[in-house]
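Asks: After the structure tokens below, expect a handful of questions from me.
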Amino acid sequence: MEPKHMSAFALYQMLPTENGPSTAKKPPLPQVVERKKKKRKRDNMIASAKPKSPMKAEKKNTKKMMRKKIQKVANGEPSVNRTNVPERVAGPLLEDLLSDLTQINNSMERAKRLFEWLIRPIPAQTFFRDTWEKKPIFVQRNKPDYYKGLFSTAEFDRILREEYVQYGVNLDVTSYTNGKRETHNPPGRARPFTVWDFYESGCSLRMLNPQAFSSTVWNVLSILQERFGSMAGANVYLTPAQTQGFAPHYDDIEAFIVQLEGKKHWRVYNPRSEDEVLPVLSSPNFKQADIGKPILDVVLEAGDLLYFPRGFIHQGNCLPDAHSLHITISSYQKNSWGDLLHKLVPAALEIAIEEDVDFRRGLPLDYLTYMGVQNSDKDDPRRGKFFSQIETLMKKLSNYAPVDAAVDQKARDFLHDCLPPVLTADELASSVQGAPARWEDGRVKGVGAQITTQTRVRILRAGCARLCSDGEAVHLYYTTNNSRVYHKEEPQSFEVKTEHTDAVEYLIHSYPDFVTVESLPCDSVQDRISLTELLFENGIIHTEAPL
């Protein structure tokens with residue numbers, strides 16, 4: 001009698017734990033999601049020690065407004081957009097759209113058009129005014145092929161067979177049963193034999209960075225990142241029929257759920273309190289009893305779209321009659337005013353201390369006797385005076401805030417996060433990647449192409465390069481040499497000579513127009529040529545016609 005086949009899922013459950021063999025089905029905690037989890041910044045002691053001051057009134061009013069918004073939802077007031085798309089306005093297929101976009105001269109316009117297609121028929125202006133960061137939307141198209149070509153299960157299978165996919169790095173195997181979320185990642189490479197066995201055993205598959213393997217996903221995200229001014233990322237989720245792969249939770253990103261194949265039942269819930277509106281971090285896994293009733297309960301079929309802001313709790317499960325494949329396109333992680341202030345306030349304080357004697361004056365000799373947690377309940381007039389001085393200094397601090405420098409720090413982070421641009425055929429032929437230099441017939445050919453003062457050039461994308469100063473030197477940061485794998489490379493930059501900064505600014509601000517090398521505001525012809533060659537060699541600019 002032949003031995004009975006044991007699935008990869010069953011084998012995985014038999015693996016010994018750190019404490020030795022165990023019959024309990026307890027795989028390790030999820031590698032990727034758990035990295036994001038951090039405990040809340042405030043503990044009860046510090047929270048209870050908050051002083052009463054004039055600053056508190058404004059915060060109280062803000063919280064009151066938030067409570068009203070949440071209460072409106074609880075009372076059944078409208079909070080979700082549902083849109084049915086007539087066939088005649090359903091929009092072009094992705095392949096045709098991407099082809100059309102290559103004919104558009106301006107990358108910002110390409111990004112605008114692609115985003116409009118993503119959320120069609122909702123006008124982008126209406127979306128950003130009424131929906132973005134505010135409430136979910138559900139777009140039902142009744143057009144299964146609308147997102148065809150973006151990704152598929154066939155592409156998933158090809159990647160597993162042809163690419164080096166690693167568990168925990170590129171792929172997670174998950175399940176959610178009896179209210180418990182588990183991750184079942186073995187060590188090492190994800191082979192199709194094992195991965196598809198997990199899937200047949202009822203596990204969901206999450207590909208964490210499909211843009212590293214799929215040229216189409218890479219192209220779409222590299223275009224959309226210019227619309228958001230923030231990194232656009234993606235995960236692909238393949239879920240067997242009648243299963244659920246993840247517990248209810250909320251994320252720290254703006255999420256666009258694009259249904260590619262099959263269908264999936266989604267429930268979306270309001271943030272539980274104002275503290276969880278637009279959160280900085282993703283949540284832990286919730287139990288059903290923690291989250292109340294959904295404000296949105298829908299089934300996404302192929303061609304449909306669901307958007308929800310960060311902080312909205314969500315969960316999706318497959319129905320008995322179909323599997324589900326969807327891709328989540330995400331953006332706006334750590335892109336809030338608070339994230340900017342994280343960079344701005346320390347710099348402002350450093351400048352204020354250097355330039356303003358009020359920030360350098362000594363603290364009161366006896367301040368430890370009436371300030372601090374142990375003294376927070378004291379009715380001491382000196383406490384009011386102390387808080388008043390803090391408020392005065394905080395108001396003055398804004399006068400020393402290097403806002404542009406802090407924005408440039410955010411911009412450097414963004415450029416490091418970015419995917420490199422996907423070049424059109426014309427851009428490839430006219431950029432360093434398409435330069436004719438090669439080895440042929442036993443010798444080097446095609447190295448005689450020259451940049452002259454009459455060569456017409458422009459930067460490759462509106463947002464692919466940025467001048468930033470650290471106070472001592474000016475550097476040009478750029479995306480064209482980035483990897484398709486998130487942060488695989490260090491930030492790409494080089495120092496720009498002081499006499500060349502005007503010329504680089506001129507190129508950036510001239511986009512999308514081509515300009516002659518001769519028109520660059522440099523001191524000499526040699527400076528113009530050498531700067532242009534440097535930018536060309538790093539893939540930041542391309543020429544109007546191939547060299």
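The values are calculated or read from the model by the stated rules, or taken from the named source; none is laboratory data. Keep in mind that what you see is a predicted model, and the values were worked out from it rather than measured. Cβ placement follows ideal geometry from the backbone for every residue including glycine, while neighbour counts extend to all protein chains displayed. These area figures cover heavy atoms from the full protein model, side chains too; ligands, DNA and RNA do not enter into them. Shrake-Rupley method; radii C 1.70, N 1.55, O 1.52, S 1.80 Å.
Asks: Does residue 405 satisfy being among the aliphatic types (A, V, I, L, M), under 27 Å from residue 485 (Cβ atoms) and open to solvent by 40 Å² or more (accessible area, probe 1.4 Å)?
Replies: Details: among the aliphatic types (A, V, I, L, M): yes; under 27 Å from residue 485 (Cβ atoms): no; open to solvent by 40 Å² or more (accessible area, probe 1.4 Å): yes.
So residue 405 does not fit the description; no.
Asks: Any chance the stretch 459-474 includes a residue that's more than 23 Å from residue 521 (Cβ to Cβ) and crowded, with 18+ Cβ neighbours inside 10 Å?
Replies: No - not one qualifying residue is present in the stretch 459-474.
Asks: Please state which one of 508, 541 is within 25 Å of the chain's Cα centre (by Cα) and of a type in the set (A, V, I, L, M).
Replies: Values: 541 fails: within 25 Å of the chain's Cα centre (by Cα).
Within the list 508, 541, the selection yields 508.
Asks: Then there's this: List pairs: first residue in the stretch 354-380 and on the phi > 0 side of the Ramachandran plot, second residue of a type in the set (A, V, I, L, M, F, W, C) anywhere in the structure, Cβ distance under 9 angstrom, at least six positions apart or on different chains.
Replies: Within 9 Å, the pairs are 372/49.
Asks: Would you kindly identify the strands (runs of 3 or more DSSP E) lying entirely within the stretch 171-211 that contain at least 1 residues that are over 30 Å from residue 483 (Cβ atoms)? First the steps, then the outcome.
Replies: On the way: elements: 171-177, 180-183, 204-207.
Output list reads 171-177, 180-183.
Asks: Sticking with this structure for a sec: Sort out which residues of the stretch 220-251 are open to solvent by less than 10 Å² (accessible area, probe 1.4 Å), out of contact with any Phe, Trp or Tyr (no Cβ under 7 Å at 6 or more places or on another chain) and either assigned to a loop (DSSP other than H, G, I, E, B) or among the acidic types (Asp, Glu) (or both), and write them in order of number.
Replies: Scanning the stretch 220-251 gives a single hit, 232.
Asks: Now for a separate question. Can you confirm whether the stretch 519-526 contains a residue that is in contact (Cβ under 8 Å) with a residue 12 or more places away in the chain and under 28 Å from the mean Cα position of the chain (by Cα)?
Replies: No: zero hits.
Asks: Further question: Where in the stretch 366-433 are there helices (runs of 4 or more DSSP H), lying wholly inside it, with at least 1 residues that are within 30 Å of residue 99 (Cβ to Cβ)?
Replies: Fully inside the stretch 366-433 and qualifying: 403-417, 425-430.
Asks: Right, something else. Could you run through the stretch 109-121 and say how many residues are loosely packed, with under 15 Cβ neighbours inside 10 Å and in contact with an Asp or Glu (Cβ under 8 Å, 6 or more places away or on another chain)?
Replies: Of the residues in that region, 0 qualify.
Asks: Inside the stretch 252-280, can you point out the residues that are closer than 30 Å to residue 219 by Cβ and in a loop (DSSP other than H, G, I, E, B)? Give the steps one after another, and end with the answer.
Replies: At the first step, the residues of the stretch 252-280 found to be closer than 30 Å to residue 219 by Cβ are 252-264, 266, 268, 278.
Selection gives 252, 253, 278.
Asks: Among the residues of the stretch 496-515, count how many are under 20 Å from residue 432 (Cα atoms) and open to solvent by 80 Å² or more (accessible area, probe 1.4 Å).
Replies: 1
Asks: Across the stretch 535-547, what is the total count of residues that are over 15 Å from residue 464 (Cα atoms) and either among the aromatic types (Phe, Trp, Tyr) or surrounded by 15 or more Cβ atoms within 10 Å (Cβ to Cβ) (or both)?
Replies: Our first condition is that a residue be over 15 Å from residue 464 (Cα atoms); within the stretch 535-547, this holds for 543-547.
Okay, now just the ones that are also either among the aromatic types (Phe, Trp, Tyr) or surrounded by 15 or more Cβ atoms within 10 Å (Cβ to Cβ) (or both), so 543, 547.
Counting residues in the stretch 535-547 that are over 15 Å from residue 464 (Cα atoms) and either among the aromatic types (Phe, Trp, Tyr) or surrounded by 15 or more Cβ atoms within 10 Å (Cβ to Cβ) (or both) gives 2.
Asks: Which number in (1) of a type in the set (Phe, Trp, Tyr); (2) under 15 Å from residue 459 (Cβ atoms); (3) surrounded by 15 or more Cβ atoms within 10 Å (Cβ to Cβ) marks the one condition that residue 486 misses?
Replies: (2)
Asks: Does residue 373 fit the bill of being at pLDDT 95 or above, out of contact with any strand residue (DSSP E or B) (no Cβ under 8 Å at 6 or more places or on another chain), closer than 26 Å to residue 541 by Cβ and open to solvent by 50 Å² or more (accessible area, probe 1.4 Å)? Steps first, please.
Replies: Values: at pLDDT 95 or above: yes; out of contact with any strand residue (DSSP E or B) (no Cβ under 8 Å at 6 or more places or on another chain): yes; closer than 26 Å to residue 541 by Cβ: no; open to solvent by 50 Å² or more (accessible area, probe 1.4 Å): yes.
The answer is no for residue 373.
Asks: Among (1) buried (at least 17 other Cβ atoms within 10 Å of the Cβ); (2) in contact with a strand residue (DSSP E or B) (Cβ under 7 Å, 6 or more places away or on another chain), which single condition is residue 445 missing?
Replies: Only one criterion is unmet by residue 445, namely (1).
Asks: Filter the stretch 355-370 down to the residues that are over 11 Å from residue 397 (Cβ atoms) and in contact with a Lys or Arg (Cβ under 9 Å, 6 or more places away or on another chain), then identify the one that is surrounded by the most Cβ atoms within 10 Å (Cβ to Cβ).
Replies: 370
Asks: Would you mention how many residues in the stretch 122-148 are farther than 17 Å from residue 257 by Cβ and open to solvent by less than 50 Å² (accessible area, probe 1.4 Å)?
Replies: Residues flagged as farther than 17 Å from residue 257 by Cβ and open to solvent by less than 50 Å² (accessible area, probe 1.4 Å) within the stretch 122-148 amount to 2.
Asks: Also, quick follow-up: One residue is enough: does the stretch 128-151 have a residue meeting the conditions of a type in the set (A, V, I, L, M) and free of Cβ contacts under 8 Å to residues at least 24 places away in the same chain?
Replies: Just the residues of the stretch 128-151 that are of a type in the set (A, V, I, L, M), to begin with: 137, 139, 150.
Cutting the leftovers down to free of Cβ contacts under 8 Å to residues at least 24 places away in the same chain gives us none.
Checking the stretch 128-151: not a single residue is of a type in the set (A, V, I, L, M) and free of Cβ contacts under 8 Å to residues at least 24 places away in the same chain.
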